[in-house]
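Please treat every number below as a calculation from the coordinates, not as lab data. All figures in this text were calculated on a predicted structure; none of them were measured in a lab. As a convention, Cβ positions derive from the backbone with ideal geometry for all residues, glycine included, and neighbour counts pool all protein chains shown.
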Amino acid sequence: MILEVKVTPQSSKNELLRWEENRLVVKIQGAPEKGKVNENLIDFLAKILGIAKSRIEIFSGKTSRFKKLNIQGMSLEEVKEILSK
């Protein structure tokens, strides 16, 4: 399943903000250097979704605010339901 995410880095805390159509908007702690925000994003989403970090891969947008993630073993509907709680 492909999840599009818009990330705002250097937040004081990790936070789910809203859905914009089929794109998740989040704030993530950490400076956007050396992949720290990407690591924090994967950790944050894996914890919320209750899955292993290894099931989430950023395959597009590693240096951009707009990222595409591959989440293995879940549908978009499942992800939206969990993240909308």
> In the set (1) 81; (2) 106; (3) 261, which value of volume of the Cα convex hull per residue in Å³ was calculated from the structure you see?
Replying inline: (1)
> Considering only the chain, what is the antiparallel percent among its DSSP beta bridges, to the nearest 5?
Replying inline: 75
> From the backbone phi of the stretch 57-70, what are the Karplus-calculated ³J(HN,Hα) couplings (6.51 cos²θ - 1.76 cosθ + 1.60, θ = phi - 60°) in whole Hz, Gly and Pro given as x?
Replying inline: 9, 8, 10, 8, x, 4, 10, 10, 6, 9, 10, 10, 10, 9
> Under 19 Å from the 7 Å Cα→Cβ point of residue 10, by amide nitrogen: which residues of the stretch 16-39?
Replying inline: 26-39
